[in-house]
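One structure below.
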Amino acid sequence: MSAFEKIIQLEQNFLDRKDLLKSKREQKLQELENSQKAQLLALEKELRVLNEKTRSATDHEVKKMHDTLNAELELNEQKFKQAFKKEKENIVERVFNEVQKL
C-alpha cells in the first residue's frame, strides 16, 4: 500500500469515526430530549392532579363556609322575626293599656 493509499485510508477512517460520533451524539441527544419530554409530561400530570385536589378542597371549604353562613343567616332571621313579633306584641299591649286609661 502506497503512502497515498494510506493517507486516503486514514482519511476514510477519520470520516467514518466522525460520522459514527455524530450519529451517537444525535442518538444521545434524542434520548435526552425524549427523557426530558417524559419528565415534563409527568410533572404536568402531577401539577394537574395537585391543581384538581386544591380546587376540590377549596370548593369543599367554600361550600362549608356557605352552608355555615346560610345557617347563621337563617338563625338570625328567626331571631329577628321573634324579636319583631315580641316588639309588635309590646306595642299592641302599650296601645291597649293607653286606650284603657282613656
> Restricting the first residue to the stretch 38-56 and requiring it to be surrounded by fewer than 10 Cβ atoms within 10 Å (Cβ to Cβ), which pairs with a second residue that is in a helix (DSSP H, G or I) meet a Cβ separation below 8 Å and a spacing of at least six or different chains?
Replying inline: none
>> I need a count of the residues in the stretch 50-102 that are of a type in the set (S, T, N, Q) and modelled with pLDDT under 95.
In response: 3
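The values are calculated or read from the model by the stated rules, or taken from the named source; none is laboratory data. Here the structure is a predicted model, which is why all the values come from computation and not from measurement. Heads up, the Cβs are rebuilt from the backbone with ideal geometry, glycines too, and the neighbour counts pull from every protein chain shown.
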